[in-house]
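Coordinate-derived values only; no laboratory data. If you're wondering where the values come from, they're calculated on a predicted model, not measured in any experiment. Neighbour counts run over all protein chains shown; Cβ positions are idealised from the backbone, glycine included.
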Amino acid sequence: MSLAPEIKAFLEAGAAAGLPQVWEAPVEVIRKNTQARPALAGPVEAVHEMINQYIPGPTADLPIRIYRPTVATNAPAIVYFHGGGWVLNFLDIYDASLARLANQSGATIISVNYQKAPEHPFPIPFDDCYATLLWVIANAGNLGIDKNRIGVAGDSAGANLASGVAIKARDNSVALAFQVLIYPCNDRNFETNSYKENATGYGLSTQAMQWFWHQYLQGASHDENAYAIPMRATSFKGLAPAIIITAQYDPLLDDGEKYAELLQGDGVPVIYKSYEGMIHGFFSNMAITPTAQEAIDFVASEVKKITQ
């Protein structure tokens with residue numbers, strides 16, 4: 001399928017804006033250029049309760065946002081790690097998509113604004129995310145959630161973090177009900193077909209991903225660490241069931257497909273769905289494409305199946 005018409009128009013508008021690529025300007029400039037992104041997500045639907053607070057992290061207090069769709073005191077929960085190449089983005093960008101996901105799934109969502117590279121490279125963002133999961137489990141009663149129905153989720157770099165957290169949870173006998181991986185970047189191999197075929201012209205570029213990985217890992221010393229690069233795990237046995245979403249015109253398409261295959265090969269239940277005509281980032285952009293809402297509702301329905 002060719003690019004969806006609304007995605008083609010979105011890409012053309014982005015190109016016309018002439019903003020610098022991530023490697024072409026200081027990090028503070030690139031971050032400033034993301035301030036308008038909440039508008040792409042569309043209006044935020046009402047949820048029963050939205051709460052902002054800080055929790056203690058390993059090296060800093062961490063801002064979290066809690067989306068409670070229900071008055072239930074034993075709801076399932078999703079601990080969410082947002083995307084942005086471990087460098088960019090903030091909680092507001094995800095309000096619309098996570099409010100809808102909470103309402104449609106019935107799960108309370110806890111989204112964390114983990115510390116960012118390059119100032120805070122691996123393992124700091126990862127440690128923040130794992131600590132958030134442990135905090136949610138420890139505070140399940142106060143949060144009104146069922147500690148036996150907690151999963152992790154994330155998009156892009158956030159899906160990488162969710163994958164790594166799921167692996168560490170297994171390694172430490174921390175029970176997870178599921179993992180939702182939305183176009184994950186789970187390998188540092190830029191020679192895949194999708195990295196080559198979708199290298200430029202589709203929003204996220206291969207060169208941008210190389211730059212993001214460099215900011216996060218800052219060398220090769222972590223290249224065999226499965227918490228940093230989940231595809232490098234020696235075994236995937238015993239990991240939480242996975243819901244994996246990919247986009248046709250995404251450099252990361254093959255990462256998602258390959259990770260699904262690796263999980264299935266080690267006996268992990270996987271629901272895999274690729275969206276034709278879509279690009280990286282579509283999931284949270286409900287103001288751009290109706291496929292975003294379709295994908296959110298699909299994930300919500302699969303989470304409900306697992307957690308009912």
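Taken over segment 76-121, the criterion of being among the hydroxyl-bearing types (Ser, Thr, Tyr) and more than 15 Å from the chain's Cα centre (by Cα) is satisfied by Ser105, Thr108. Among the conditions (1) more than 25 Å from Tyr130 (Cα to Cα); (2) in contact with a strand residue (DSSP E or B) (Cβ under 7 Å, 6 or more places away or on another chain), the only one that Ile51 does not satisfy is (1).
Inside segment 98-113, residues that are part of a loop (DSSP other than H, G, I, E, B) and either out of contact with any helix residue (DSSP H, G or I) (no Cβ under 7 Å at 6 or more places or on another chain) or crowded, with 24+ Cβ neighbours inside 10 Å (or both) make up a count of 1.
Summed over segment 168-186, the residues that are buried (at least 20 other Cβ atoms within 10 Å of the Cβ) and over 25 Å from Glu24 (Cβ atoms) give a count of 10. Of the residues Thr246, Thr234, the single one that is among the β-branched types (Val, Ile, Thr), out of contact with any His (no Cβ under 7 Å at 6 or more places or on another chain) and farther than 21 Å from Ala4 by Cα is Thr234. Of everything in segment 131-146 that is of a type outside the set (Val, Ile, Thr) and touching a residue at least 24 places away in the same chain (Cβ under 8 Å), the residue that is farthest from Ile306 (Cα to Cα) is Ala131. Restricting the search to segment 146-173, which residues are in a loop (DSSP other than H, G, I, E, B) and either within 20 Å of the chain's Cα centre (by Cα) or of a type in the set (D, E, K, R) (or both)? Within segment 146-173, just Ser156 meets the criteria.
Scanning segment 104-118 for residues that are of a type outside the set (Gly, Ala, Ser) and touching a residue at least 60 places away in the same chain (Cβ under 8 Å), we see that the one that is farthest from Arg65 (Cα to Cα) is Pro118. A residue that is touching a Lys or Arg at 6+ places or on another chain (Cβ under 9 Å) and among the hydrophobic types (A, V, I, L, M, F, W, C) occurs nowhere in segment 9-19.
Among the residues making up segment 251-276, those that are touching a residue at least 60 places away in the same chain (Cβ under 8 Å) and touching a strand residue (DSSP E or B) at 6+ places or on another chain (Cβ under 6 Å) are Leu253, Gly256, Glu276. Residues in segment 1-45 that are surrounded by 13 or more Cβ atoms within 10 Å (Cβ to Cβ), under 30 Å from Ile64 (Cβ atoms) and basic (Lys, Arg): 2 in all.
Could you run through segment 199-224 and say how many residues are polar (S, T, N, Q), in contact (Cβ under 8 Å) with a residue 24 or more places away in the chain and within 16 Å of Met278 (Cα to Cα)? Count: 1. Going through (1) over 22 Å from Ser173 (Cα atoms); (2) of a type outside the set (A, V, I, L, M); (3) buried (at least 22 other Cβ atoms within 10 Å of the Cβ) one by one, His48 falls short only on (3). Among the residues that make up segment 55-69, is at least one of them without any contact (Cβ under 8 Å) to a residue 60 or more places away in the chain, among the hydrophobic types (A, V, I, L, M, F, W, C) and either within 24 Å of Ser301 (Cα to Cα) or surrounded by 14 or more Cβ atoms within 10 Å (Cβ to Cβ) (or both)? No, there is no match, as no residue in segment 55-69 is without any contact (Cβ under 8 Å) to a residue 60 or more places away in the chain, among the hydrophobic types (A, V, I, L, M, F, W, C) and either within 24 Å of Ser301 (Cα to Cα) or surrounded by 14 or more Cβ atoms within 10 Å (Cβ to Cβ) (or both).
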